[in-house]
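The values are calculated or read from the model by the stated rules, or taken from the named source; none is laboratory data. Remember, predicted model here, so these are calculated numbers, not experimental data. Note that we place each Cβ from the backbone using ideal geometry, even for glycine, and neighbour counts take in every protein chain shown. Quick note on the areas: whole protein, heavy atoms, side chains included, nothing else; ligands and nucleic acids left out. Shrake-Rupley method; radii C 1.70, N 1.55, O 1.52, S 1.80 Å.
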Amino acid sequence: MKQKTWKRIMAAGLVLGMSISLAGCAGGRKKINDGTFRPVDKAELAFPLKEKTVLSGMISYPANTESQPNNRTIFKRLEEQTNVEIKWMAIQADQWKDKISLNMSDPNKLTDFIFSADFTDSNLLKYAEYGAIIPLEEYIDAYMPNLSAVFEQYPEYRVMCTDVNGHIWSLPWIEQLGSGKTAIQTVDNMSFINKAWLDFLGLSVPETVDEFEQVLIAFRDNAQSLQKEFGIEGSIIPMSCIVNDPGQDPAILINGFGEGYGDADKERHIAVTDDQKVICSAVQEGYKDGISWLHKLYEEGLIDPEAFTQVWSTYVSKGKSGRYGVCFSWDVGNVANLKDWVPLPVLTADTRNLTPVNGSFTSGFNRGRCVVTSVAENPALVCAWLDQMYAPMQSPQNNWGTYGEDDDFDIFEMGENEQGEPMLKHAPLGDASPVEVREAEAVGGPLAVLDDYYGVYVTCPDDAQYRLDWIKEYYTPDMHTENVYPNIFMSREDTETLSNLQADIKKAINAKKADWIMNGFTDADWDEYLKSLEAYGLSEYLELFQNYLDDYNASTAAK
């Protein structure tokens, strides 16, 4: 009861604070948008606008890239096309989480919209309750034809964006590349092995955990020969990773232990069985055996000692120096090179299985990508401008990069499709790191890239195509798990409860995982770990997931 009272006080305080702080501007008093739909004449929203208009937005940008959004070619073109100037508050990506939470609680720092919010469901609904953001469903229907077309073609996305009360609080990011078990998002942290090293040592790509261990030992024991043959400066590292980092974690290696669930969801640590039961993947016997095996590798000097502390830049620097025998990432081109490396197949231990990433069967999806705040005086115009991000020719550029840049590299060349219409054609990446080039040009934000855009509006990027090919060849055949947890939008209360439970459960799981890989553990340690997770509310945590999954399955079965 005290908690609910405090929330009401906080909500009232935020709205009052906004009203006070926005008073007196230009001799008048600005009113906070209370969320009531504010219709306008659509003619007023025809781009380019007759008169230049200024809106404000908040955005993140990757470190070591252009910090002024309006210097990016994509936003320059959008301003020309719309006659809308965006005054940006730009925050470096590695500072975003800390600063955005402060800005959202301070009305003086709010902008009309948050372009790269990436809010969790918990934060999304919290800001909705506090009145910091407004519902968008009526604006979408009235002034966002591009997004409406996506929702009409794929109604499941609208369902996934809508809360239990029928409101849409945010604009999504959608990226379709493949579908079902062939979707590019089904595997996050791929494992890669240095084929050049294997060939030099006369070794084959391993298929089992035992073969894998012997390959790592060979890398370790032939370090000097490898250094000499490949001109490597620095020590040889048989296997490197970043433990507990979603993209660079080695969890994919342990899928073959026990019943084969592994730990694909490294944020929530859940999986769905073939009989639609939600389980915690990090309490299964297979997980226990897999972590024990990783400790064995660490004890043998086969895992990078810095795997528990290194940051991305360090990880990449060592990889680009040619020091790794095995590494993990979305794309090995980001860490090493494509020429010398191949994907490591699913390893057999007790079984052979790869659990797809939860939510991946509906492709890439981020529900909380962009929000419109309550300080927006003309939310219809804000939404109409944001709808330009969903145009079929615009979304690929926001997602990957653009053409006509004044630098040494362009993501796209402007070409034509088979019908002679304009089409964005991906330029060859060469030796460039895909992630680094895209970060330099792309702007992210809300967008939708659909499968049927390829060959019509845009070509499939080379690195996406070869990744899709990798998944189909190396991983899809071993995806024997039939279900993934869908993208479900829970109620505010349940989202908050789940968020609170997850914070302790995830922290406990990740801490023990790192500790046990380094130092090992006993059966008594494992039993104590299970008890601690239960004390943190694991049963309640799984029950919440289960209830929503049951409701989701019932509702989809009825359609």
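A few remarks follow.
- Taken across segment 384-405, residues that are over 23 Å from I174 (Cβ atoms) and either crowded, with 18+ Cβ neighbours inside 10 Å or of a type outside the set (A, V, I, L, M) (or both) do occur, with at least one present.
- Subset of segment 407-425 [open to solvent by 40 Å² or more (accessible area, probe 1.4 Å) and either touching a residue at least 60 places away in the same chain (Cβ under 8 Å) or outside any loop (DSSP other than H, G, I, E, B) (or both)]: E413, M414, E416, P422, K425
- Qualifying residue in segment 207-216 (condition: over 30 Å from S321 (Cβ atoms) and open to solvent by less than 10 Å² (accessible area, probe 1.4 Å)): no
- All positions within segment 465-479 that are surrounded by 20 or more Cβ atoms within 10 Å (Cβ to Cβ) and either among the small types (G, A, S) or at pLDDT below 95 (or both): R467
- Checked against (1) out of contact with any strand residue (DSSP E or B) (no Cβ under 9 Å at 6 or more places or on another chain); (2) surrounded by fewer than 20 Cβ atoms within 10 Å (Cβ to Cβ); (3) closer than 15 Å to N189 by Cα, P356 passes all but condition (2).
- Checking F75 against (1) touching a strand residue (DSSP E or B) at 6+ places or on another chain (Cβ under 9 Å); (2) at pLDDT below 90; (3) not β-branched (V, I, T), the condition it does not meet: (2)
- Failed item in (1) open to solvent by 10 Å² or more (accessible area, probe 1.4 Å); (2) part of a helix (DSSP H, G or I); (3) hydrophobic (A, V, I, L, M, F, W, C), with L198 passing the rest: (1)
- Pairs linking a residue in segment 201-221 that is among the polar types (S, T, N, Q) and in a helix (DSSP H, G or I) to a residue that is at pLDDT 95 or above and open to solvent by 10 Å² or more (accessible area, probe 1.4 Å), with Cβ atoms under 9 Å and 6 or more positions apart or on different chains, are Q214/L203.
- Residues of segment 131-171 that are open to solvent by less than 30 Å² (accessible area, probe 1.4 Å), assigned to a loop (DSSP other than H, G, I, E, B) and farther than 14 Å from V372 by Cβ: D163 alone.
- If only residues of segment 480-492 that are open to solvent by 50 Å² or more (accessible area, probe 1.4 Å) and outside any helix (DSSP H, G or I) are counted, the one that is modelled with the highest pLDDT is H480.
- Residue list for segment 54-75, filter: over 23 Å from A376 (Cβ atoms) and either more than 26 Å from the chain's Cα centre (by Cα) or part of a loop (DSSP other than H, G, I, E, B) (or both): P62, A63, N64, T65, E66, S67
- Single residue of E79, E51, E66 found to be among the acidic types (D, E), closer than 23 Å to L110 by Cβ and open to solvent by 30 Å² or more (accessible area, probe 1.4 Å): E79
- In the set (1) at pLDDT 95 or above; (2) in a strand (DSSP E or B); (3) surrounded by fewer than 23 Cβ atoms within 10 Å (Cβ to Cβ), F365 fails one condition alone, (1).
- Selection of segment 493-520 for residues being touching a residue at least 24 places away in the same chain (Cβ under 8 Å) and open to solvent by 60 Å² or more (accessible area, probe 1.4 Å) yields D504, M518, N519.
- Yes/no for V449 being under 21 Å from N366 (Cα atoms), touching a Leu at 6+ places or on another chain (Cβ under 9 Å) and surrounded by 15 or more Cβ atoms within 10 Å (Cβ to Cβ): yes
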